[in-house]
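Q: The structure under discussion is supplied below as structure tokens; questions concerning it will follow.
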Amino acid sequence: MKIAVVGTGYVGLVVGSCLAENGNDVICVDNNASKVRSLKRGRVPIYEPGLEELVVRNQREKRLTFSTALARSVRVSQIVFIAVGTPSDEDGSADLRHVLDVARDLARAMNEYKVIVSKSTVPVGTAARLREVIRRETTHPFSVVSNPEFLKQGAAIFDFMQPDRVVVGVEDPRARDLMRGLYAPFTRTGAPIMMMDCASAELCKYAANAMLATRVSFMNEVANVCERLSANVDEVRRAIAADKRIGPAFLFPGIGYGGSCFPKDVKALLRSAKDVGYDAEILQAVEAVNQRQKGRLVEKMQEHFTSLKGKTIAVWGLAFKPRTDDMREAPSVTTIDGILSQGGKVKAYDPEAEKVARGILGNKVSYMQQSYEALKGADALAIVTEWSEFREPDFARMRSLMRSPVIFDGRNLFTPEQMRAEGFTYYSIGR
Ligand code: NAD
């Protein structure tokens with residue numbers, strides 16, 4: 001099929017490359033000209049494992065092209081995906097400016113029947129708004145489809161290629177058949193393609209992210225209670241995870257969730273509920289617990305050092321989670337701001353996120369090229385992101401480099417017993 005994907009971010013680029021990989025002709029469109037230039041040269045501006053390889057191969061095979069020309073791309077495509085950002089507005093609602101701009105522009109370019117697919121995470125009612133906006137600009141026939149994306153950064157290609165399910169909000173048979181055909185190669189392994197009305201499809205994405213965020217905040221709350229009652233959250237987690245009704249996924253305590261999705265989607269769902277007169281109390285608590293949890297590591301540092309003035313803290317991990325360079329809403333930013341505001345210094349290391357971090361944190365911290373380099377002369381180490389390379393470090397080397405052997409582990413990579421035996425003063429979450 002001939003497809004245009006508008007927005008070449010973490011979602012659009014993965015969707016476009018994966019659809020091309022399955023034999024479709026895909027044009028990825030972005031209004032950021034320098035991004036498009038670098039993609040044309042086969043350079044992917046974000047870190048997502050396996051993505052560059054897919055971009056290069058499909059561009060070489062001429063199934064994948066990049067462009068800033070939205071109108072031309074729309075005219076030659078049957079299906080147009082909108083995959084632009086929907087950041088939080090000041091009141092927590094999803095800012096639909098980019099989505100509606102794209103809809104208006106693509107409507108003006110339409111020359112025949114098109115299926116317009118919303119891939120961006122958008123609140124209930126957006127498909128209806130898109131229909132209105134497009135209808136005002138064109139007399140050509142079209143269908144609007146809501147097709148939320150459930151991929152995880154860091155495993156995005158696998159998730160798109162082998163989804164747990166595909167959700168399609170669609171209200172006319174022509175678009176339904178096209179979408180079924182498009183996703184047939186991805187659902188051959190038995191994953192269901194769930195057709196439903198657009199409002200339900202739009203809500204699915206928010207409900208899924210809110211549920212996952214709830215599990216995270218719930219476990220962080222349990223961890224905080226464990227600390228006060230001298231229980232071990234690892235044991236509690238193992239025991240409750242064995243219950244089939246609960247299951248093991250998303251039960252790891254830490255220093256809060258971040259990223260471009262959970263925080264903004266929880267806020268947007270809260271806002272949507274409020275707009276229709278419903279007070280979503282669980283979601284409010286999920287958010288409040290997460291905010292507090294992001295400050296836990298610095299609280300522990302304060303308790304240990306009394307004052308952070310003049311202390312140098314090595315920080316391992318800046319990205320909001322491993323296998324990505326994304327730092328949107330990352331707990332690292334809260335942690336680092338907390339250390340700096342109390343007069344401490346930060347030497348930070350992340351395997352992939354340094355470039356992004358420079359854009360957010362500037363010169364407020366020293367960036368190290370290697371994990372051990374960050375430890376030289378450090379009064380403590382804060383582990384913020386659970387990159388695999390931090391899991392089996394050389395503890396003797398760490399001790400010899402640090403001014404004092406103190407670790408604040410925000411991701412529970414080690415056990416307290418192991419750390420005691422290695423000669424560290426060790427703080428973790430819920431133990
Ligand atoms: P992103 O910020 O990485 O990418 C958005 C892209 O859209 C940018 O390249 C930007 O230049 C481009 N853009 C903005 N306005 C444009 C316009 N008018 N014309 C052309 N291009 C334009 O965002 P993302 O993380 O890929 O997220 C996109 C959407 O997908 C959001 O709604 C998000 O909630 C949703 N989503 C994200 C993830 C994720 O893991 N990141 C997962 C599922 C769903």
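Q: Being within 14 Å of the ligand (Cβ to nearest atom) and surrounded by fewer than 16 Cβ atoms within 10 Å (Cβ to Cβ): is that true of D159 here?
A: Judged against the criteria, D159 is not a match.
Q: Determine which member of the set S77, S38 is in a helix (DSSP H, G or I) and in the same structural domain as H98 (by TED's automatic domain parsing).
A: Criteria check complete, one pass: S38.
Q: Another question, then. So which residues in the range 355-376 are within 14 Å of V333 (Cβ to Cβ) and either in contact with a Gly (Cβ under 7 Å, 6 or more places away or on another chain) or not β-branched (V, I, T) (or both)?
A: Scanning the range 355-376 gives A357, R358, G359, L361, G362, K364.
Q: Need pairs with beta-carbon distance below 9 Å; first residue over 19 Å from N224 (Cα atoms) and within the range 279-291, second modelled with pLDDT under 95; sequence gap 6+ or separate chains.
A: Going by the 9 Å Cβ cut-off, there are no qualifying pairs.
Q: Out of the residues in the range 52-66 meeting the condition of being in a helix (DSSP H, G or I) and touching a residue at least 12 places away in the same chain (Cβ under 8 Å), tell me which one is surrounded by the most Cβ atoms within 10 Å (Cβ to Cβ).
A: Within the range 52-66, the match that is surrounded by the most Cβ atoms within 10 Å (Cβ to Cβ) is V55.
Q: Can you give me the number of residues within the range 172-207 that are more than 14 Å from P123 (Cα to Cα), away from the ligand (no atom under 16 Å from the Cβ) and touching a residue at least 40 places away in the same chain (Cβ under 8 Å)?
A: Counting residues in the range 172-207 that are more than 14 Å from P123 (Cα to Cα), away from the ligand (no atom under 16 Å from the Cβ) and touching a residue at least 40 places away in the same chain (Cβ under 8 Å) gives 7.
Q: Hey, can you tell me all the residues within the range 329-346 that are charged (D, E, K, R) and either modelled with pLDDT under 95 or buried (at least 20 other Cβ atoms within 10 Å of the Cβ) (or both)?
A: E329
Q: Taking the condition more than 21 Å from L100 (Cβ to Cβ), of a type in the set (K, R), in contact (Cβ under 8 Å) with a residue 40 or more places away in the chain and touching a strand residue (DSSP E or B) at 6+ places or on another chain (Cβ under 7 Å), does K2 pass?
A: The answer is yes for K2.
Q: On to the next question. Output the number of the condition that I46 fails; it satisfies all remaining conditions of (1) within 10 Å of the ligand (Cβ to nearest atom); (2) among the hydrophobic types (A, V, I, L, M, F, W, C); (3) touching a strand residue (DSSP E or B) at 6+ places or on another chain (Cβ under 9 Å); (4) farther than 29 Å from N111 by Cβ.
A: (3)
Q: May I pose another question? In the range 1-35, what count of residues is obtained for those that are more than 9 Å from the ligand (Cβ to nearest atom) and touching a Ser or Thr at 6+ places or on another chain (Cβ under 6 Å)?
A: 6
Q: Can you pull out the residues in the range 64-88 that are more than 15 Å from the ligand (Cβ to nearest atom) and more than 27 Å from the chain's Cα centre (by Cα)?
A: Selection gives R75, V76, Q78.
Q: Also, quick follow-up: Considering only the range 89-110, state which residues are near the ligand (Cβ under 10 Å from one of its atoms) and not in a loop (DSSP other than H, G, I, E, B).
A: Of everything in the range 89-110, those that are near the ligand (Cβ under 10 Å from one of its atoms) and not in a loop (DSSP other than H, G, I, E, B) turn out to be A94, R97, H98, V99, L100, D101, V102, A103, R104, D105, L106.
Q: Another question, if that's okay. If I ask for residues that are touching a residue at least 24 places away in the same chain (Cβ under 8 Å) and either in contact with a strand residue (DSSP E or B) (Cβ under 6 Å, 6 or more places away or on another chain) or more than 27 Å from I46 (Cα to Cα) (or both), which ones from the range 350-367 would you list?
A: E354, V365
Q: (1) on the phi > 0 side of the Ramachandran plot; (2) touching a helix residue (DSSP H, G or I) at 6+ places or on another chain (Cβ under 6 Å): which one isn't true of V124, the others all being true?
A: Only one criterion is unmet by V124, namely (1).
Q: Follow-up question, since we're still on this one. Taking the stated definitions as given, is K321 in a loop (DSSP other than H, G, I, E, B), modelled with pLDDT of 95 or more and surrounded by fewer than 19 Cβ atoms within 10 Å (Cβ to Cβ)?
A: Here the answer is no, as K321 does not meet what is asked.
Q: Scan the range 327-355 for residues that are within 16 Å of the ligand (Cβ to nearest atom) and closer than 14 Å to V384 by Cβ and jot them down.
A: Listed by number, the residues that qualify are M327, E329, A330, E352, A353.
Q: Continuing with this model, one more query. Check the range 348-361 and report whether any residue there is surrounded by fewer than 20 Cβ atoms within 10 Å (Cβ to Cβ), in a loop (DSSP other than H, G, I, E, B) and not charged (D, E, K, R).
A: no
The values are calculated or read from the model by the stated rules, or taken from the named source; none is laboratory data. No experiment lies behind these values; they were computed from the predicted model shown. Counting neighbours? That spans all protein chains shown, and the Cβs are built from the backbone with ideal geometry, glycine included.
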